[in-house]
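Engineer: This is the structure I have questions about; it appears just below.
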Amino acid sequence: MGQNNDQGALQKPIGSGFHAASTTNEVISGIDLNGKIAIVTGGNTGIGLETTKTLAAAGATVIVPARDIVKARKNLTGIAKVELETMDLMDPDSIDAFAAQFLSSGRPLHLLINNAGIMWVPFRRNELGIESQLATNYLAPFQLTAKLWPALKKAHGARVVNVSSYGHQFAPFDFDDPNFLHREYETLQAYGQSKTALNLFSLELDNRAKKYNVRAYSLHPGSIGGTELARDASLELFQQMGFCDAEGNILPEVAASLKTIPQGAATTVWCATSPLLDDIGGVYCEDVDIAVLANGSSTSKGVQPYALEETSAKRLWDLSEAMTGLTFQID
């Protein structure tokens, strides 16, 4: 099965032939997904919608679980080979119900794309008392992947693609206080640890699942204009991030760096379909290639070493089982 990516051992570009400006149409060219089944969370808006369109156009049957069915149906109108189902990532029972319904169909699952996420939200908790960004961005994908594991295994060749972010650089995972019980809530810290968790999960999932020909990846899609991710953000947060001036105008250099939605979804599609990744897993990708390993300093490129740390990944797996109340048994 080859080397694993613990400590970032495989974190170096492989010459994909693509780049930051590559689009989903370029990435999917020549790839036939007929007979393949995919699930795309958040697949009815933003880069998730672009991912759904691209996979379906290549022949895949795409299931899109959504919280707002009316909105999702409107956004997905006219796209062939798409099935719409109900699921709320903040509700663990809803995740279980969706997974059970899919498993009852007896179908294999070739692609699970954990795309949905939230950012820059005020302090909230789900019904289990878990902070909302950790619950939505990480523990929900952990639970959904665990519940769908029999279908992934049944595919005899599946991929789990977790849409992370360069925002993982905002914070490592805080094992002592992941739910902000004893520290002041800061929305970017919460977002950062949720994305660090997603990277660690991708690493450990790949290590455990590759014997069954199931590979896992995490990725940074890029900074993208035209999505709904920032709908809860205040002007102060944009200014703190260095995106806006004092009057709230987006800085020209920031505007120039933004990707289009087809460019933003390209790395997801590449991770899901590229034959170059057939024998590589557990890696963090960006700009449609495997990313570099960052040197530990604050940078917008690459993945921080703490997000690929073997001991932390194993520790997080155990904590995730405890927090969700489930056992994710691979064997």
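The values are calculated or read from the model by the stated rules, or taken from the named source; none is laboratory data. In this text the structure is predicted, and so the values were computed from the model without any measurement. Counting neighbours? That spans all protein chains shown, and the Cβs are built from the backbone with ideal geometry, glycine included.
Engineer: Would you please list the contacts, defined by Cβ atoms under 7 Å and residues six or more apart or on different chains, that run from a residue in the range 12-35 that is free of Cβ contacts under 8 Å to residues at least 24 places away in the same chain and assigned to a loop (DSSP other than H, G, I, E, B) to a residue that is buried (at least 18 other Cβ atoms within 10 Å of the Cβ) and of a type in the set (Asp, Glu)?
Structural biologist: none
Engineer: Applying the selection to the range 50-96, what residues are touching a residue at least 40 places away in the same chain (Cβ under 8 Å), within 20 Å of Leu139 (Cα to Cα) and of a type in the set (Val, Ile, Thr)?
Structural biologist: Residue satisfying the conditions is Ile95 alone.
Engineer: Same structure again: Can you find even one residue in the range 103-111 that is over 23 Å from Leu203 (Cα atoms), touching a helix residue (DSSP H, G or I) at 6+ places or on another chain (Cβ under 7 Å) and part of a helix (DSSP H, G or I)?
Structural biologist: Our first condition is that a residue be over 23 Å from Leu203 (Cα atoms); within the range 103-111, this holds for 103-107.
With the extra rule that they be touching a helix residue (DSSP H, G or I) at 6+ places or on another chain (Cβ under 7 Å), the set shrinks to 103, 107.
Those left that are additionally part of a helix (DSSP H, G or I): 103.
Yes - at least one qualifying residue is present in the range 103-111.
Engineer: Identify the residue in the range 157-190 that is in contact with a His (Cβ under 9 Å, 6 or more places away or on another chain) and either assigned to a loop (DSSP other than H, G, I, E, B) or modelled with pLDDT of 95 or more (or both) and, among all such residues, is farthest from Glu131 (Cα to Cα).
Structural biologist: We begin by selecting, within the range 157-190, every residue in contact with a His (Cβ under 9 Å, 6 or more places away or on another chain); these are 157-159, 163-168, 176.
Then keep just the ones that are either assigned to a loop (DSSP other than H, G, I, E, B) or modelled with pLDDT of 95 or more (or both); that gives 157-159, 163-165, 168, 176.
On the way: Gly157: 34, Ala158: 30, Arg159: 28, Val163: 19, Ser164: 17, Ser165: 18, His168: 16, Asp176: 14 Å.
The extreme case among them is Gly157.
Engineer: Examine the range 115-123 for a residue that is more than 26 Å from Thr273 (Cβ to Cβ) and outside any loop (DSSP other than H, G, I, E, B), and state whether such a residue exists.
Structural biologist: No.
Engineer: Of the residues that sit in the range 113-154 and are surrounded by fewer than 23 Cβ atoms within 10 Å (Cβ to Cβ) and in contact with a Pro (Cβ under 6 Å, 6 or more places away or on another chain), which one is farthest from Pro92 (Cα to Cα)?
Structural biologist: Checking each candidate, the answer is Lys154.
Engineer: Something else about it: Does Lys195 satisfy being among the charged types (D, E, K, R), modelled with pLDDT of 95 or more, within 16 Å of Tyr166 (Cβ to Cβ) and in a helix (DSSP H, G or I)? Let's see the steps before the verdict.
Structural biologist: Values: among the charged types (D, E, K, R): yes; modelled with pLDDT of 95 or more: yes; within 16 Å of Tyr166 (Cβ to Cβ): yes; in a helix (DSSP H, G or I): yes.
When the stated conditions are applied, Lys195 passes them.
Engineer: Among the residues of the range 279-299, what is the count of those that are in a loop (DSSP other than H, G, I, E, B) and touching a residue at least 12 places away in the same chain (Cβ under 8 Å)?
Structural biologist: Here is the first cut: in the range 279-299, the ones in a loop (DSSP other than H, G, I, E, B) are 279-283, 287-288, 291-292, 294-299.
Filter once more, so that each one left must be touching a residue at least 12 places away in the same chain (Cβ under 8 Å): 279-283, 287-288, 291-292, 294, 298-299.
So the count comes out to 12.
Engineer: Kindly list the number of the only condition in (1) within 22 Å of Leu148 (Cα to Cα); (2) charged (D, E, K, R); (3) touching a Phe, Trp or Tyr at 6+ places or on another chain (Cβ under 9 Å) that fails for Arg67.
Structural biologist: (3)
Engineer: List, please: which pairs have Cβ atoms under 8 Å, are six or more places apart or on different chains, and start with a residue in the range 300-323 that is at pLDDT 95 or above and part of a loop (DSSP other than H, G, I, E, B) and end with one that is polar (S, T, N, Q) and buried (at least 20 other Cβ atoms within 10 Å of the Cβ)?
Structural biologist: Final answer for the pair search is Gly302/Gln11; Gln304/Gln169; Gln304/Thr196.
Engineer: Checking the conditions here, which among Thr267, Thr273 is in contact with a Cys (Cβ under 9 Å, 6 or more places away or on another chain), hydroxyl-bearing (Ser, Thr, Tyr) and closer than 30 Å to Ala151 by Cα?
Structural biologist: On the way: Thr273 fails: in contact with a Cys (Cβ under 9 Å, 6 or more places away or on another chain).
Going through Thr267, Thr273 in turn, just one is in contact with a Cys (Cβ under 9 Å, 6 or more places away or on another chain), hydroxyl-bearing (Ser, Thr, Tyr) and closer than 30 Å to Ala151 by Cα: Thr267.
Engineer: Taking Ala146 as meeting all but one of (1) touching a residue at least 60 places away in the same chain (Cβ under 8 Å); (2) more than 27 Å from Leu33 (Cα to Cα), write down the number of the exception.
Structural biologist: Result: Ala146 passes all but (2).
A quick yes/no check of all residues on (1) surrounded by 17 or more Cβ atoms within 10 Å (Cβ to Cβ); (2) closer than 14 Å to Leu308 by Cα; (3) of a type in the set (Val, Ile, Thr):
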| position | (1), (2), (3) |
| --- | --- |
| Ala158 | yes, no, no |
| Phe173 | yes, yes, no |
| Glu184 | no, no, no |
| Tyr191 | yes, no, no |
| Ala197 | yes, yes, no |
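Engineer: Continuing with this model, one more query. With out of contact with any Ser or Thr (no Cβ under 8 Å at 6 or more places or on another chain) and closer than 23 Å to Thr51 by Cα as the only criterion, which of Leu89, Leu103 stands out?
Structural biologist: Working: Leu89 fails: out of contact with any Ser or Thr (no Cβ under 8 Å at 6 or more places or on another chain).
The match here is Leu103.
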